[in-house]
Amino acid sequence: MENATRLLYQAGQLIKQRDYNAAADVYMEATETDPTDIRAWFGLGICLYKVGNLEVAIIALEEAARMGHPRAAPALAKVRSEAQERSKRAADQAGKHAIAPLREKIHLESSLRIMLVENVEAHRAATEKAIADTIENVEVESTDFHPSTSDTLSMSVHYDVAIINWDSDPDAATALIDILKLKLPSIFILCLTPVWNPRAAARIFDTGADYYLAKEQHFAKIIPLVIAQWAQREQAISKRPALLRVAEEEPTAPPQEQLYESLTESANAAIIMVGPDGKLQYGNRHFCSMLEQTAAELLGQPVESIVPPPDQEALRECIDNAMELGQAESRLNLQRDDGSRIPTEARAARFRRNDEDHLVMTFVEVAGLEKAEVQLWSDMKKLTGILEDGVDRLQCGVVVLADGKIAWINSTAAEWFGADKNALQGKVYLDALDAELAGVSEKTDSFLDALRQAHGKGGYIEHYDLSMEGPAGGETVSYWSTPVERIGSDVSRIDHFYTVSRPTEPSYPEVSALPSLYKTLDALPDALFTLDAEGTINWSNRAARNITGHDEDVLRKMSFPELASEPARDSVRDLLQGALSNADEARCEEALMQRANGERFWAEITLVPERDGDEVTALHAILHDITERRLNDAIRSLLAGDEPPA
């Protein structure tokens, strides 16, 4: 859960920088970490859409929609619509750019038989015409891609070339290529995809295909030129055995290895390949640059030579784990000839080549990670300063947690625990709370069980009212626990609580009519008041007495604005006058109120006039305590570094 949350925060930061490719990779990792995370699937779909990979974006958004993400369905409809439009444009473009014939066709000494497996009619027609207009003495047999395609090859294979639309069905294409290569190893296979896709290219070459081409503009014109070049080369080799011997003496890398090499050479990480003898067989450009040596100087050296002696045992352990488990990682230093060292995160993976185990290893410099850690600690110091300046003075307890431990606690919470705030920092919060509350009563034990469950599952606790003796001084504790996301990998949760007066026994006014209605109003959680035309309170429900801390007799003598804190009383008076002057409209406003013990709290006030003809005879006031919401908003804003609300 923590790792998934960290990844979602990291992806969010990349999106702010508009680096959608990197964000998509992080979201992909998040889906692998927690396949049930609906946010990761939705974010992956949106990022893939942003970079133009509509096919995979549809898959991710379908998963998010299946899991119930509220915004996934409209996003999925939009991406599907754009994918259809793109396919239509590609088909139109293929027809539009069907090439004019060359003035002279390419002459081959022997005829070619070509198998074209293509479902898009416009692409098929354009390819057939391009081949016929470009190469002499060629026969093209076209077919749709469907499950029975491979069945038609149960007899002999008589083709020289196969052109296969890979994206129609990659699994069927793989089976088809296996059959073709098995029956006729010399067949030339060219695979097509709608757009350039490195992952698809790697899989295509792994199947044994010889060439890969994206269906971009003029692709039909390119196909016959590629086929002709291959055919001319094959015919030349068959006539000149000496060329074949040269090729055997100096073999070129297979197409898939050429692709892998092009990808590794452009990577921003150091990449090496280690042979079964433990020696370096390959190092990319970044690796040579890090060690300030040439490939010729490095290749053939024992892999242990690239790390200092103290790290060699860790390197061997990493290699052993990779050989046993398939992959491993470790923190290692690379060493240059001059003795200087580069701290890296190293990862090793095992693969088979020529029936022997090899290793590919990547090294990523951790200087950037260490800078990020320094910045994080700097941000945490700033955060602590903000908390000390503002939240520490609140009259409610606030505890900031990181990995279940107290990262920061304000003075009110420390006083509630009866301990120094500095002494509490670093302790496991639930253990400290358990020592304070366990066994006090069945209610506190039930509360602790609920809190442990919320912490363990990343859940919420809102407005948990706990009446108890002891640390709270005989008052009711209202407890809130909120998991925190998107503010860094350390802070994971904020718990806060405040005390209110213990509920008093209800007392009802001498009203003969509708006594059951008064009992219902008395049981509501919001404070209710009836005011006369002067704004004096003449009735209040039980919640009003609990929230304000005043007895019923005291409330009946008070003017409603007197419940507000001193700075807010003029604002509440204006609200009252506005309700009295316009009897057709209810008035609503947020104000800072004050309890009988001097403690201040935020409330939303609603005034509803009651009139007799044109004259307002009474006002009904509803007071809703919004301290928790204001506090949550303020704390989140402070932790995120934003300007906090008033």
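Once the 1.4 Å probe is applied to the protein heavy atoms, the range 527-583 comes out at 43 Å² accessible per residue. Taken along the Cα-to-beta-carbon direction at a fixed 7 Å, the label points for Glu317 and Ala77 span 5.7 nm. Taking R0 as 22 Å, what FRET efficiency do you get between Phe351 and Asp277 from their Cβ-Cβ distance, rounded to the nearest 0.05? Taking R0 as 22 Å, the efficiency between Phe351 and Asp277 is 0.90. The coefficient of translational diffusion for the range 1-44, derived via Stokes-Einstein from the alpha carbon Kirkwood radius under 20 °C and 1.002 mPa s, stands at 219 µm²/s.
Ordering of 220-231, 28-39 by packing is 220-231, 28-39, highest average first (other Cβ atoms within 10 Å, averaged per residue).
For Ala533, the shell of other residues with beta-carbons less than 12 Å away shows a net charge of -4, using +1 for Lys and Arg and -1 for Asp and Glu.
Using 0.36 nm per residue and subtracting the Cα-Cα separation, the extra length available between Met67 and Arg341 on full extension is 93.8 nm. For the range 520-603, the calculated P(r), taken from all Cα-Cα distances in 5 Å bins from zero up to the bin holding the longest distance, is 3, 15, 24, 27, 21, 8, 1, 0 percent. On the basis of the beta-carbon distance and an R0 of 35 Å, Gln229 and Glu141 show a calculated FRET efficiency of 0.95.
Applying 1/(1 + (r/R0)^6) with R0 = 41 Å to the Cβ-Cβ distance of Glu534 and Ala450 gives a FRET efficiency near 0.35. Multiplying the residue separation of Lys183 and Lys50 by 0.36 nm and subtracting their alpha-carbon distance yields 43.6 nm.
Between Asp570 and Asn21, the contour length at 0.36 nm per residue exceeds the Cα-Cα span by 192.1 nm.
The values are calculated or read from the model by the stated rules, or taken from the named source; none is laboratory data. What you are looking at is a predicted structure, and each value in this text was computed from that prediction instead of being measured. Quick reminder, even Gly has a Cβ in these numbers, built from the backbone with ideal geometry, and neighbours come from all protein chains shown. What goes into the accessible areas is simple: the full protein's heavy atoms, side chains included, and nothing from ligands, DNA or RNA. Shrake-Rupley method; radii C 1.70, N 1.55, O 1.52, S 1.80 Å.
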